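Accompanying notes for the structure given below.
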Amino acid sequence: MNQKRRIIIDCDPGHDDAVAIILAARNPKLELLGITTVNGNQTLEKVTRNALNVCQYLDIDVPVCKGLAGPIVRAAVPAEERIHGDTGLNGPVFGPLTKELDPRHAVDFIIETVMDSSEPVTLVPTGPLSNIGMAIRKEPRILNNIDEIVLMGGAYQHGNVTPAAEFNIYADAEAAHVVFSCGRPIVMMGLDLTRQALCYPEIVDRMAKIDTKAGKLFVDLMRFFCMTQKKVFGWEGGPLHDSTTIAYLLDPTCIEVKAMHTEIDITGGPSQGRTNCDFFNLTDKVKNTKVAVKLDAEKFWDIVEDSLKLYD
């Protein structure tokens, strides 16, 4: 039996998405089956190019498939250029791109890969949930071979794009509704957790001592990301949101989770896109989500450091 956990990363790189890819691609505990892209931090074309550049730079030999260019129902929300820059991945300088895109659409790749796998697959969405929601709607039988959906998105407290909503969920709330109500186990790395994964300057300095391509890329990514986070939000360290998903898969003890019922607000009102998490178990609805509440920051940064050392 294959002991590695099979995963697909569905992402919109994005600095923190890029680090999630770095953490997953070489780890002996995981088998990265492919990377799919979705409109989010930047346009679909830009985030797809970013995924290809990261894979090429680090010799990550997996399919990269382009997905949906916008939400399933609503108009696309504006890209967050203040944080990720006009490319979506400002900071690093990549050489000419030669890695080719896999010709399959991301939704079809997800369906085919999950259906064909001899073992259950874990989906790891770190952007809007358009591709995952569409795949579930197009071929519901994939649910039978999905082990878990470990995602970055939502918040049980405060949003970051509206007072109520976090960007990834807000960007395609209807797709998020499909995912959260699909019946498979969900693990939610919301802002409440990811805002504990702050990449302070001393963390960047620590990783700068790692003499690998991944170490250099991490530092180039984080120097830009931390600069923009301080400029926009006033934080000394940028929250490494998306990478918490992979850290959880590698060592669940680094993140404390609490079982809750979660539903997505798709009413179109001021709380559109909110993840309504029943933190105090006020209802008897099924607890469909493990919601992350507390990060062991020391363990988390050890995971990041160990992962950067796995590269040449």
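No value in this document is a laboratory result; all are computed from the given coordinates. Keep in mind that this is a model prediction, so the values were computed, not measured. Cβ: placed from backbone, ideal geometry, glycine included. Neighbour counts: every protein chain shown.
Would you grab the residues whose amide H sits under 5 Å from the one on residue 259? Only those 5+ places off in sequence or on another chain, please, with H modelled 1.01 Å from N.
Answer set, sorted by chain and number: 291.
Looking at the chain, send over the antiparallel percent of its DSSP beta bridges, to the nearest 5. Don't skip to the end; give the middle numbers.
Values: 11 of 37 bridges.
Bridges in the chain that DSSP calls antiparallel: roughly 30 percent.
Which length gain, in nm to one decimal place, applies between residue 259 and residue 69 when the Cα-Cα distance is subtracted from 0.36 nm times their residue separation?
Working: separation 190, 0.36 × 190 = 68.40 nm, distance 3.26 nm.
That works out to 65.1 nm of additional length.
Let me have the 222 nm mean residue ellipticity of the chain computed from DSSP H runs of 4+ only, each contributing -39500 (n - 2.57), with the sum over all residues rounded to the nearest 500.
Working: 12 runs with 115 residues, N = 312.
Using -39500 (n - 2.57) per qualifying helix, the result is -10500 deg cm²/dmol.
Could you name the lysines whose alpha carbon sits less than 16 Å from that of residue 299, not counting residues in the same chain fewer than 8 places away?
Here the lysines satisfying the reach criterion relative to residue 299 are 309.
Between [x] 1.12; [y] 1.08; [z] 0.93, which entry matches Rg/Rh (Cα atoms, Kirkwood Rh) as derived from the coordinates of this structure?
[z]
Hey, which lysines would be in cross-link range of residue 285, C-alpha to C-alpha under 28 Å, not counting anything within fewer than 8 residues on its own chain?
Straight-distance partners of residue 285: 138, 258, 294.
Can you sort 118, 130, 307, 243 by how many other beta carbons sit within 10 Å, fewest first?
Ascending number of Cβ neighbours within 10 Å: 118, 307, 243, 130.
State the answer as a single residue: which of 24, 247, 183 lies farthest towards the positive end of the charge dipole of the chain, with beta carbon charges of +1 for Lys and Arg and -1 for Asp and Glu, about the Cα centre.
Farthest along the dipole direction, towards plus: 183.
If I take every Cα pair under 8 Å that is 6 or more residues apart in region 5-308, average their sequence separation and divide by the length, what percent do I get for the relative contact order? Intermediate values should be presented prior to the final figure.
Values: 675 pairs, mean separation 59.6, N = 304.
Answer for region 5-308 is 20 percent.
Let's see if you can work this out: charge +1 on each Lys and Arg Cβ, -1 on each Asp and Glu Cβ, no other charges. What is the dipole magnitude of the chain about its Cα centre, in debye to the nearest 20? Don't skip to the answer; put the middle values down first.
Working: 32 positive and 42 negative charges, 35 e Å.
Dipole of the chain, to the nearest 20 debye: 160 debye.
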